[in-house]
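What follows is one structure encoded as structure tokens, with my remarks underneath.
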Amino acid sequence: MSYKVLLTHGAGRDLEAIYGYIAENDLQANADYVLDKLMEVAESLAAYPERGSHPKELLALGIREYRQAHFKPYRLIYRIHCKQVIVYIIADGRRDMQTLLTRRMLGL
């Protein structure tokens with residue numbers, strides 16, 4: 001079964017910020033590479049979205065509806081809904097993920 005993968009507006013902004021940061025502080029080629037790899041990970045969720053683990057920060061709050069996929073050190077946080085995979089966050093996993101997830105996923 002194939003799922004449709006969608007990026008939320010927030011996930012799109014995350015990609016732009018990651019790309020911009022790498023392009024500004026490193027090489028354009030590296031920014032292109034990271035963007036391509038992150039998009040490959042997102043697109044791969046169309047085939048097997050259930051393979052992703054549950055983010056431990058959300059599990060600690062009793063929330064099991066979200067999953068994550070990785071392109072180290074980046075994490076894609078997503079949810080499976082009907083025949084869709086909705087990507088909510090694409091972030092550097094070295095950030096304070098608890099605060100980020102609380103703000104973005106729970107609106108707190």
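Structural remarks
- Taking amide H atoms as placed 1.01 Å from N in the peptide plane, the amide H of residue 85 lies under 5 Å from those of 4, 5, 6, each 5 or more residues away in sequence or on another chain.
- Of all lysines in the structure, the ones whose alpha carbon falls short of 22 Å from that of residue 4, not counting any fewer than 8 places away in one chain, are 37, 83.
- Measuring gaps between exposed loop sites in the chain (trypsin sites (Lys or Arg not before Pro); DSSP loop; at most 15 other Cβ atoms within 10 Å), the longest gap, sites not included, is 1-63.
- For the chain, the C-alpha radius of gyration sits at 1.05 times the compact-globule guess of 2.2 N^0.38 Å, with N the residue count.
- For the range 17-31, backbone phi angles converted through the Karplus equation (6.51, -1.76, 1.60; θ = phi - 60°) give residue-by-residue couplings of 5, 4, 4, x, 5, 5, 4, 6, 9, 9, 10, 4, 4, 5, 5 Hz, Gly and Pro being listed as x.
- Helix 97-106 vs. the chain, principal-axis angle (Cα, 0 to 90°, nearest 10): 60
- Based on C-alpha pairs under 8 angstrom that are at least 6 apart in sequence, the range 1-95 has a relative contact order of 34 percent.
- Semi-axes of the equivalent ellipsoid of the range 49-89 are 15, 14, 8 Å, computed as sqrt(5λ) over the eigenvalues of the C-alpha gyration tensor in descending order.
Every read-out reported here was derived from the displayed coordinates using simple, explicitly stated rules and does not represent laboratory data. These figures come from a predicted structure and were not determined experimentally. Cβ sites come from the backbone with ideal geometry, for glycine too, and all protein chains shown count toward neighbours.
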